[in-house]
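*Asks:* Got a structure here, written out as structure tokens. Questions coming.
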Amino acid sequence: MNKVKVEDAIGMSISHDMTKVVPGKFKGAAFKRGHIITEEDIPVLKSMGKEHIYVGEIPRGYLHEDESSVRIAAAICDTNNFMLSEVSEGKINIMAKHQGLLKIDKEKLFQLNSIEHIAISTVFDDIVVERGQKVASERIIPLFTKEENIKAVEEICKSGKVIEIKQFMYNKVHLIITGNEVYKGLIEDKFYDAIKPKMETYNCEIVKTVKVPDDKEVIKNEIKKSLEEGADIILCTGGMSVDEDDITPIAIKEQIDELIVHGIPVQPGNMFLLGYSGKVPIMGLPGAIIFYENTVFDVIFPKIICGDKVDKELFVRLSLGGLCYFCAKCNYPNCTFCKGR
């Protein structure tokens with residue numbers, strides 16, 4: 001491309017968005033691609049550090065940054081699940097079209113970013129996203145790149161998209177609140193108020209709540225009844241620790257077909273319990289649920305209601321980042337908590 005002094009460029013067309021930065025006030029395109037330079041633009045361009053502009057045709061076999069971004073976006077995501085911004089400064093932002101659990105093919109992402117000039121950035125994998133939330137941004141680094149680089153991106157993505165959203169399924173939740181102190185009315189239950197807003201957030205419904213004493217057979221019988229009544233998920237509250245007075249985990253273990261975990265390397269929520277009776281997940285919720293805004297339950301529950309299979313290996317991998325900072329104001333999921341996987 002030809003290098004032209006800005007003073008000599010009046011009447012010429014700008015070939016790419018030109019970024020202006022005013023610290024603390026503005027960062028964006030001062031001039032869009034295709035803008036015809038006028039005499040009034042000269043001092044603005046110079047204030048941006050532009051003494052020259054570049055004009056000319058893109059070489060054969062190369063693609064402009066705008067076309068490259070459009071093709072990359074089409075390759076890495078499905079527009080049924082995502083919204084795309086307009087191209088600005090050669091970049092496209094990708095936003096969630098609906099609520100769900102964000103899934104990122106990490107190996108494919110790394111593979112794409114190893115291709116010359118490709119730059120794709122995403123948020124963390126396996127987090128809950130809301131409609132309109134930005135989840136990725138992509139571009140090429142220079143003004144244009146070899147078309148073969150973009151074709152390489154498209155070829156890799158033929159086997160599947162890099163980013164997807166798994167939508168949450170409606171689930172009927174049964175809540176079994178255990179503990180003599182609550183059953184006898186000695187103290188007020190706090191679990192229901194802590195759990196209900198979370199269920200509403202994920203389009204689930206607590207269709208049955210029952211309080212029972214610390215009696216193993218009574219608890220087992222309530223779990224059995226919930227299964228017979230068609231519960232999709234069963235949540236049991238109460239003591240989940242190693243204290244022999246904590247009957248609830250024993251009752252759950254005797255009523256399930258498969259125990260995934262009881263006790264995990266994550267705080268808060270060390271004593272979390274998960275098992276399955278057939279395909280129905282049964283969870284034992286530790287007391288941390290009522291003390292902290294977010295615990296391991298908030299990491300695991302969204303996975304379960306979008307159909308993910310949860311196994312012991314997942315909980316082991318959560319240990320990296322499994323220690324919460326216990327911030328005065330919780331910023332989860334915009335933090336390191338349980339991001340080790």
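The values are calculated or read from the model by the stated rules, or taken from the named source; none is laboratory data. A quick note: this is a predicted structure, and the numbers were derived from the prediction, not measured. Here Cβ is always computed from backbone atoms with ideal geometry, including for glycine, and neighbour counts include all displayed protein chains.
*Asks:* In region 274-288, what count of residues is obtained for those that are over 11 Å from Gly238 (Cβ atoms) and buried (at least 18 other Cβ atoms within 10 Å of the Cβ)?
*Replies:* Looking only at that region, the number is 8.
*Asks:* For the structure I just gave you, tell me whether Lys225 is crowded, with 16+ Cβ neighbours inside 10 Å and touching a strand residue (DSSP E or B) at 6+ places or on another chain (Cβ under 9 Å).
*Replies:* Here the answer is no, as Lys225 does not meet what is asked.
*Asks:* Examine region 133-147 for a residue that is polar (S, T, N, Q) and either without any contact (Cβ under 8 Å) to a residue 24 or more places away in the chain or in a loop (DSSP other than H, G, I, E, B) (or both), and state whether such a residue exists.
*Replies:* Yes, because at least one residue in region 133-147 is polar (S, T, N, Q) and either without any contact (Cβ under 8 Å) to a residue 24 or more places away in the chain or in a loop (DSSP other than H, G, I, E, B) (or both).
*Asks:* Test Glu138 against the criterion of being under 24 Å from the mean Cα position of the chain (by Cα), among the acidic types (Asp, Glu) and surrounded by 18 or more Cβ atoms within 10 Å (Cβ to Cβ), and give yes or no.
*Replies:* Spelling it out, Glu138 is indeed under 24 Å from the mean Cα position of the chain (by Cα), among the acidic types (Asp, Glu) and surrounded by 18 or more Cβ atoms within 10 Å (Cβ to Cβ).
*Asks:* Now for a different question. Are any residues in region 265-290 out of contact with any Gly (no Cβ under 8 Å at 6 or more places or on another chain) and in a loop (DSSP other than H, G, I, E, B), and if so, which ones?
*Replies:* Pro268, Gly269, Gly278, Lys279
*Asks:* Anything in region 214-243 that is modelled with pLDDT of 95 or more and in a loop (DSSP other than H, G, I, E, B)? List them, or say none.
*Replies:* Glu229, Gly230, Ala231, Asp232
*Asks:* Scan region 282-296 and tell me whether some residue there is under 19 Å from the mean Cα position of the chain (by Cα), under 22 Å from Asp193 (Cβ atoms), among the aliphatic types (A, V, I, L, M) and at pLDDT 95 or above.
*Replies:* yes
*Asks:* Just to be sure I understand, how many residues within region 148-166 are buried (at least 17 other Cβ atoms within 10 Å of the Cβ), assigned to a helix (DSSP H, G or I) and touching a Gly at 6+ places or on another chain (Cβ under 9 Å)?
*Replies:* 0
*Asks:* Another one. Taking interchain pairs and intrachain pairs at least six residues apart, which have beta carbon atoms under 6 angstrom, with the first residue in region 87-115 and within 14 Å of Lys134 (Cβ to Cβ) and assigned by TED's automatic domain parsing to the domain that holds Asp66 and the second among the aromatic types (Phe, Trp, Tyr) and crowded, with 18+ Cβ neighbours inside 10 Å?
*Replies:* Correct list of pairs: Ile94/Phe82; Lys97/Phe82.
*Asks:* Mind listing just one residue for me: the one in region 29-75 that is over 20 Å from Val87 (Cβ atoms) and acidic (Asp, Glu) and, of those, farthest from the chain's Cα centre (by Cα)?
*Replies:* Per the criteria, the residue is Glu39.
*Asks:* How many residues are hydroxyl-bearing (Ser, Thr, Tyr) and under 22 Å from Val173 (Cβ atoms) if we restrict to region 302-336?
*Replies:* Of the residues in that region, 1 qualify.
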